[in-house]
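Rule-based calculations on the coordinates, nothing more; no lab input. None of these values were measured; they are calculated from a predicted model. FYI the Cβ positions are ideal-geometry reconstructions off the backbone, even for glycines, and counts take in every protein chain you see.
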Amino acid sequence: MEAITEVKYALDTFYFLVSGALVMWMAAGFAMLEAGLVRAKNTTEILTKNISLYAIACIMYMLMGYTIMYPGEAVNSWWPGFGGLLGKDDNSLEAVLASGGDTYYSGLSDFFFQVVFVATAMSIVSGAVAERMKLWSFLLFAVVMTGFIYPLQGYWKWGGGFLDAAGFNDFAGSGVVHMTGAAAALAGVLLLGARKGKYGPDGQVNALPGANLPLATLGTFILWLGWFGFNGGSELKVSDVAEANAVALVFVNTNASAAGGVVAALIAARLLFGKADLTMALNGALAGLVAITAEPLAPSPLLATLVGMVGGIIVVFSIIAMDKLFKVDDPVGAISVHGVVGMWGLLAVPLSNTDATIGAQLYGLVVILAWVFIASFIVWLIIKAVMGLRVSEEDEYNGVDLAECGLEAYPEFVGSHGSGK
């Protein structure tokens, strides 16, 4: 019996670590997606943001974020206290055996899995503020976002806080991760303003197309792959028949929802624009993935496909509305994909999960959205007052690659005088 327990512990720990590695690979997906959807003169800076924010997230979550989000014995349901640095000790064999099956994976594997989630949330922000935000202002916000803003709302749901007690359901993070990243992004975009030339004086919307659609497509496929770890790993266990079957269903539903999102977004774009819009198809895939993340285990594959299709339709209309109605300049559509569709994902949970209610889902949605948006807005406002958020108009025209990083991603094609705009 002891040997079986050890093997199951090792298997579940290994599964947790591999799932975390898949989620870590989503950082590459976000980097490629964003690098493909920005203009050539801003490529180096967006890549610098993505690798830097990942490193900052890892350090800040180790220093304080993890112990805020998972404090063990909390003082109350809304503020967990501060537990100090992540400890080095892991579960002993004796503790695992004595737990009666309650301890079935390494504590450090849990930290690794959680830290790549907070990096994902921060990656959502980088694309929305692309092409006009100062690099160091962005990185300073990343410190606060990954060390405090994200972990606190994460504690409210996943750490045993008041949202969990209220019956709010969010299996893998349509709200805790994706809507959170989008809310922080929206706060930054509103203070930052639109890119020069995006909106004309008479209200017209000018397209500023990305430089590399093959790269954006590769990024989407990488994110799709990583999402199997994102949702599948959130089952936390794979070492018995029931859990293995559950993981398989999560994988199938995740894939089905993404596929539904692509098809629905492609059809919606064809009906609206008369053309097959690749960028809408890519965002449709991501919308389907975001939508099913709140509940990938309870639906049937057919229902998961329908949930993704609704997400794909929503994201097309949301991107159009953000541009034409609200004049919110989001170069990659992150606010629509992760925020608006994240809301849909939360509200779709009761369609298949009988333990969920619309009231509890709305409560959690509003709490997370309000906390993250208000806290982020205040932090962005402080950064703006202290060091500014936006590069100069000249630097924006020439490209933030040169202004912020001193080198270009495509020097043979872009040149140093703002060509390739």
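Which whole-number percentage describes the relative contact order of the stretch 2-414, with Cα contacts under 8 Å and a sequence gap of 6 or more?
Value for the stretch 2-414: 26 percent.
In the structure shown, do any of Lys49/Lys327; Lys49/Lys237; Lys157/Lys275; Lys8/Lys49; Lys49/Lys384; Lys157/Lys324 have a Cα-Cα gap over 30 Å, and if so which?
Lys49/Lys237; Lys157/Lys275; Lys8/Lys49; Lys157/Lys324
Applying a 10 Å radius around every beta-carbon, put 54-67, 352-365, 181-194 in order of their mean neighbour count, most first.
Top of the packing list down: 181-194, 54-67, 352-365.
Compare the peptides 374-382, 20-28 by average per-residue count of other Cβ atoms within 10 angstrom and give them in order, highest first.
Listed from highest to lowest mean packing, they are 20-28, 374-382.
If you fit an axis through the alpha-carbon atoms of helix 2-37 and take the longest principal axis of the Cα set of the chain, what angle between them do you get, 0 to 90°, nearest 10?
Rounded to the nearest ten degrees, it is 10.
Around Thr44, under 11 Å between beta carbons, what's the net of Lys plus Arg minus Asp minus Glu among the other residues?
-2
Mind pulling the angle between the C-alpha long axis of helix 241-273 and the longest principal axis of the chain? Nearest 10 degrees, somewhere in 0 to 90.
20
³J(HN,Hα) across the stretch 393-408 via Karplus (A = 6.51, B = -1.76, C = 1.60, θ = phi - 60°), whole Hz, x for Gly/Pro?
Residue by residue, the stretch 393-408 yields 4, 5, 5, 5, 5, 6, x, 6, 4, 5, 5, 9, 10, x, 8, 10 Hz.
Let me know the charge dipole size of the chain about its Cα centre in debye, to the nearest 20, where only the beta-carbon of Lys, Arg (+1) and Asp, Glu (-1) is charged.
In total the dipole reaches around 1320 debye.
May I ask for the distance between the Cα centers of the stretch 322-391 and the stretch 245-308, given as a whole number of Å?
Each part reduced to its Cα centre gives a spacing of 20 Å.
How many angstrom separate the Cα center of the stretch 399-413 from the Cα center of the stretch 104-175?
Rounded to whole Å, the Cα centres lie 30 Å apart.
Helix-only mean residue ellipticity at 222 nm, the chain, DSSP H runs n ≥ 4 weighted -39,500 (n - 2.57), per residue, nearest 500. What is it?
Working: 17 runs with 263 residues, N = 421.
Mean residue ellipticity at 222 nm (helix-derived): -20500 deg cm²/dmol.
Just to confirm the filter: which trypsin sites (Lys or Arg not before Pro) across the stretch 254-362 are DSSP coil and have at most 10 other Cβ within 10 angstrom of their Cβ?
Counting only loop positions with at most 10 other Cβ atoms within 10 Å, the trypsin sites (Lys or Arg not before Pro) in the stretch 254-362 are Lys275.
Compute the long axis of helix 135-144 from its Cα atoms, compare it with the longest principal axis of the Cα atoms of the chain, and write down the angle in degrees, 0 to 90, nearest 10.
Long axis of 135-144 versus the principal axis of the chain: about 20 degrees.
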